[in-house]
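Just so it is clear, none of the values below were taken in a lab; they were calculated from the coordinates. These numbers come from a predicted model, not from an experiment. Positions of Cβ are backbone-derived with ideal geometry, glycine not excepted, and every protein chain shown enters the neighbour counts.
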């Protein structure tokens, strides 16, 4: 038996109905059929995609470290470009995809840069590209990375 007894407090009084103000978040108004609301994102929300090479036979810990490096480096790049607030407010979508080799990774990086997406490349100590991260509008990122499989 516990030596101290806990005192039961009386239940808190319910607030008066006039004090409670329930307003849905503006992003839910369209789904709820409320007043018209112009979305701050006219296109799909931004998405971060992290690409990890599978041909290097990295351990699980090495893969996690390289993917983390790619995500942090891309976030820093996005903040310099002024896009990190939009990604933060857009739900912070992240995906990790597998890439077969360096040639396929270079192709994705080239296509992402052609579409003006933020790209960060991670190299290990031997200057081998191990991971790449891409941030941009969801549809555009899907055009670049839609053919790749989840890790």
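Between residue 79 and residue 127, what FRET efficiency follows from the Cβ-Cβ distance if R0 is 30 Å, with the result rounded to 0.05?
Taking R0 as 30 Å, the efficiency between residue 79 and residue 127 is 0.70.
In whole angstrom, how long is each semi-axis of the equivalent ellipsoid of segment 46-150, when you take the square root of 5 times every eigenvalue of its Cα gyration tensor and sort them from largest down?
After diagonalising the Cα gyration tensor, the semi-axes are 21, 15, 12 Å.
Report Rg (one decimal) and Dmax (nearest whole number) for segment 106-151, counting Cα atoms only, units Å.
For segment 106-151, the Cα radius of gyration and maximum Cα-Cα distance read 11.1, 34 Å.
Under a crude label model (7 Å from the Cα following the beta-carbon direction), how far is residue 102 from residue 88 in nanometres?
3.7 nm
Of the beta bridges DSSP finds with both residues in segment 46-150, what % are antiparallel, to the nearest 5?
That works out to approximately 70 percent antiparallel.
Could you line up 135, 81, 150 from fewest to most neighbouring Cβ atoms inside 10 Å?
Ordered from fewest to most neighbouring Cβ atoms within 10 Å, 135, 81, 150 come out as 150, 81, 135.
For a quick check: sort 128, 144, 96 by the number of other beta carbons within 10 angstrom, fewest at the front.
Result, fewest neighbours first: 128, 96, 144.
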